[in-house]
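Structure record follows, encoded as C-alpha cells.
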There are 2 protein chains.
Amino acid sequence: MIKRKDIPEIDTGVVGLGLMGSSIAAALLIAGHPVKGVAPISSDMEQALPRITKQLKHAEQSGLLKYSLSHYLGQLSLSEDFGILKNCRLVQECVVETTSIKSEVYRKITASTRKETVISSNTSAIPISILQEEVPYPERFLGIHWAEPAYLTRFLEITKGAKTADKPANWVFELAHFWDKEPTFLQKDIRGFVTNRLMYAVYREAFHLIELGEADIEDVDKSFRYDAGSWITYMGLIKRMDMLGLADFGVALKRLFPQLSNSTQVPSIMKKMVEEEARGVQNALGLYPYTKEEAVEWEQAFAEFNKEIYRLAKEIPSLQPYK
Amino acid sequence: MIKRKDIPEIDTGVVGLGLMGSSIAAALLIAGHPVKGVAPISSDMEQALPRITKQLKHAEQSGLLKYSLSHYLGQLSLSEDFGILKNCRLVQECVVETTSIKSEVYRKITASTRKETVISSNTSAIPISILQEEVPYPERFLGIHWAEPAYLTRFLEITKGAKTADKPANWVFELAHFWDKEPTFLQKDIRGFVTNRLMYAVYREAFHLIELGEADIEDVDKSFRYDAGSWITYMGLIKRMDMLGLADFGVALKRLFPQLSNSTQVPSIMKKMVEEEARGVQNALGLYPYTKEEAVEWEQAFAEFNKEIYRLAKEIPSLQPYK
C-alpha cells in the first residue's frame, strides 16, 4: 500500500527527453517524485531543461503546483549518462518507435539499475509483449502510455505484456493514482491499445467520407468539436448511451454498422501528405492551410484550452472510484 | 443577406415538444425568434412550458440571455393546433423517428403554412431524400440536426436531400450563424450524416474490444474522456493530425486499419439491453449500474458541465470563419 508520504522517496527515471518525455518528467515532478532524466540524443539534452521549465510554468499557471518552481527543478537531474538512473524504482522509456533503438536503450537501463526496477515504455506503436523480449527479467516490464501534455490530462494507459507479472503492474496502477490520473489497466496487450483502436476507427470512417466527397475536413472537425466535444469529457462513449436512454441504439447500430468503411488502405490524402513531407503545424504544411503565425497561434491557444479542460475533467464524477 | 435586426421578424415553429424539441425551441427563442410550438401529443403539451422555462433558466445561468426570462417566454406560443404555425418561415419537425408519423405531421404543417415555408427535420435516422417525398414542394425541405442541449452546443448539421433547392438551404445556413452555431452543411444526404457515421465507427470498435474481453466499458470511457476529451473540442479530428505533426500517421493508419472491426452485427451486450428494456439513467438500468439518485446526480452535474464546455467552445478559434 503506497502512501502519499512515500512518493518523494520513490526515484523515477525518464529516458528520452523530446516533447513527450519532457512532459512526462514534468508530470512525475509535479506528483512529487525525484526525476532523473536521460537524453540519449545530445540536442535533447540542450533543450530538455528549458522545455521542462516551460512545462512546469504552464502547470503553475494552471494551479497545479503546491510548491515553488525552483522546488520542482531541484528534484530534477538531467544527464546523457544512464548511471544517473541507479536508484530509480521506475524508469519510463520515451524514445522513437524503433525496436532496435529501444532495445539498445533497455540494455543501457538494465546495466545501470537493479533487476527489480520497473521499466515501462510509452510506445503506442509496438506491442509490449514484443518489447518485453528485449529486457532481462521481462516480468517487470510494462506499457505506461501518456497523453500530451502528460502533466495536464487525466489519461494514462497501463498495459501488461504476455510476461508482465501482476506485482509490478499493480504497483504502477496504484502509484498512478498519486499522479492524479484515472488510468485504464489493460490485462492484455492489444494492438494499438484501446485509445488508438477507437480513434483509428473514427479516422477510417472520416477519411472514407472525405474521399467520397460526402464531407470535407471542416465538416468532420466541426462534428467532432461541437457534438462529441460537448459531452465526451463528461461521460465517455458507453455512459453516453445510458445518458441518452439506450432505447434507440439497438436499431441504430443495426442500421449503421453495415454502412461503415471496412477499408484497410491508407487514404490517398494521407499518402499525399507523407510524400510531401507535411508536418502540420511544425512546418506549416498540413491537411489545413496555415501560415507560420497561425500555426504558433493554434499552439498557444491550445495551452490555454488544456488548462481549462483539465480543470473541468477534475470536477466531473469518477467512473470507478479508486479505494 | 440576413441582418441581426431581421431575426425578431422571422417566426419559427417547432413541432414535437419532447426533450429535444423543447431544447430547440429554447435555442430559437434565445437567438431572438418568435417561436410557435406545436405538441401533437397531449402529455408533451403539459410538460413543454415548464421544460422550456427550465432550459431558459439554465441558459440564463450560463450567461446566454440578453433580456429577462419573461421577455423570451413572451415570444413563445404553445398549442396543440397546427394553425399557430401560419406565419412561420421555418418549421422544425422534431417528432419520433417513424416515417408514417412524420408524414402525417408534414401534412398538417403544409396545410397550415404557405408553400414557401421552409420545413426541416431533426431526424438522425431517416434519410432526408426519403422524408422529402412526404412533403408537397419538397425543394423547401431539408435536415437541421441539433445536438442536445440545443441552446448550449455550437453543433448543427444542415443536410440537403436529393430535391432540396439551394435557396432555402443557403438561407438556413446563413440564418444558423445568428443562432451562434458553427454549422456543417452537407450537400449530399448520406446515411447517418457525418456525426453519427463517425460515432458509430467508434461504437463498433468499442463493442468489439469489450466483447473480446480486451477492454471493459470503463476502459473505453476513460480513454475517451481523458485522451480524446482533452483535445477534441479544441481541434476536432483532422486538425489533430496537423497539430501532432502528421509524420507518423501514414505508418500508423496502415498498421491499424487491418486490425479494426468490420462487424455488421448488433453487439450481444446491446441486444441484452434491448431485451431487458434498459433505458439507462431514465430507469436506472443500463450498461453501468445506477441507483436512481446517482442517475439524477449525473444529469445535474452534466448541466453544469454543458455550461462550462460551451464557454470553452466559444473561445476557441473558428475553423472556417463565416463572412
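Values as computed for the structure displayed
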quantity	calculated
Residues of the range B:1-29 that turn out to be part of a helix (DSSP H, G or I), touching a residue at least 40 places away in the same chain (Cβ under 8 Å) and crowded, with 24+ Cβ neighbours inside 10 Å, as a count	8
Filter pass, A:Ala247 being free of Cβ contacts under 8 Å to residues at least 24 places away in the same chain, at the interface with chain B (Cβ under 7 Å from one of its Cβ atoms) and surrounded by 23 or more Cβ atoms within 10 Å (Cβ to Cβ)	no
Cross-chain or 6+ apart pairs with Cβ under 6 Å, the range B:184-203 first and open to solvent by 20 Å² or more (accessible area, probe 1.4 Å), then assigned to a loop (DSSP other than H, G, I, E, B)	B:Lys188/A:Glu214; B:Asp189/B:Pro127; B:Asp189/B:Gly161; B:Asn196/B:Ser124
Residue list for the range A:284-298, filter: surrounded by 12 or more Cβ atoms within 10 Å (Cβ to Cβ) and out of contact with any Leu (no Cβ under 9 Å at 6 or more places or on another chain)	A:Ala284, A:Tyr290, A:Glu294, A:Ala295, A:Val296, A:Glu297, A:Trp298
Test result for A:Val95, within 15 Å of A:Ile24 (Cα to Cα) and either of a type in the set (Lys, Arg) or assigned to a strand (DSSP E or B) (or both)	no
Residues of the range A:217-234 classified as within 7 Å of chain B (Cβ to nearest Cβ) and either of a type outside the set (D, E, K, R) or under 19 Å from B:Glu205 (Cβ atoms) (or both), total	12
Cβ-Cβ under 6 Å pairs, at least 6 apart or on other chains, the range A:157-183 side assigned by TED's automatic domain parsing to the domain that holds A:Ser121, far side open to solvent by 20 Å² or more (accessible area, probe 1.4 Å) and charged (D, E, K, R)	A:Thr159/A:Asp189; A:Gly161/A:Asp189; A:Lys163/A:Glu139; A:Ala165/A:Glu139; A:Lys181/A:Arg154; A:Glu182/A:Arg154
Residues of the range A:277-302 satisfying the condition of being of a type in the set (A, V, I, L, M) and either at the interface with chain B (Cβ under 7 Å from one of its Cβ atoms) or out of contact with any Ser or Thr (no Cβ under 9 Å at 6 or more places or on another chain) (or both)	A:Ala278, A:Val281, A:Leu285, A:Leu287, A:Ala295, A:Val296, A:Ala301
Any chance A:Ala111 is of a type in the set (A, V, I, L, M, F, W, C) and open to solvent by less than 20 Å² (accessible area, probe 1.4 Å)	no
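To keep it simple, each residue is scored yes or no on (1) within 8 Å of chain B (Cβ to nearest Cβ); (2) of a type in the set (Gly, Ala, Ser); (3) closer than 29 Å to A:Leu312 by Cα; (4) within 16 Å of the chain's Cα centre (by Cα).
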{"position": "A:Trp179", "(1), (2), (3), (4)": "no, no, yes, yes"}
{"position": "A:Thr184", "(1), (2), (3), (4)": "yes, no, yes, yes"}
{"position": "A:Val194", "(1), (2), (3), (4)": "yes, no, yes, yes"}
{"position": "A:Arg197", "(1), (2), (3), (4)": "yes, no, yes, yes"}
{"position": "A:Tyr203", "(1), (2), (3), (4)": "yes, no, yes, no"}
{"position": "A:Ala206", "(1), (2), (3), (4)": "yes, yes, yes, no"}
{"position": "A:Glu211", "(1), (2), (3), (4)": "no, no, no, no"}
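The values are calculated or read from the model by the stated rules, or taken from the named source; none is laboratory data. These figures come from a predicted structure and were not determined experimentally. We place every Cβ from the backbone using ideal geometry, glycine too, and count neighbours over all the protein chains shown. To get the accessible areas, we keep the full protein, side chains included, count just its heavy atoms, and leave off ligands, DNA and RNA. Shrake-Rupley method; radii C 1.70, N 1.55, O 1.52, S 1.80 Å.
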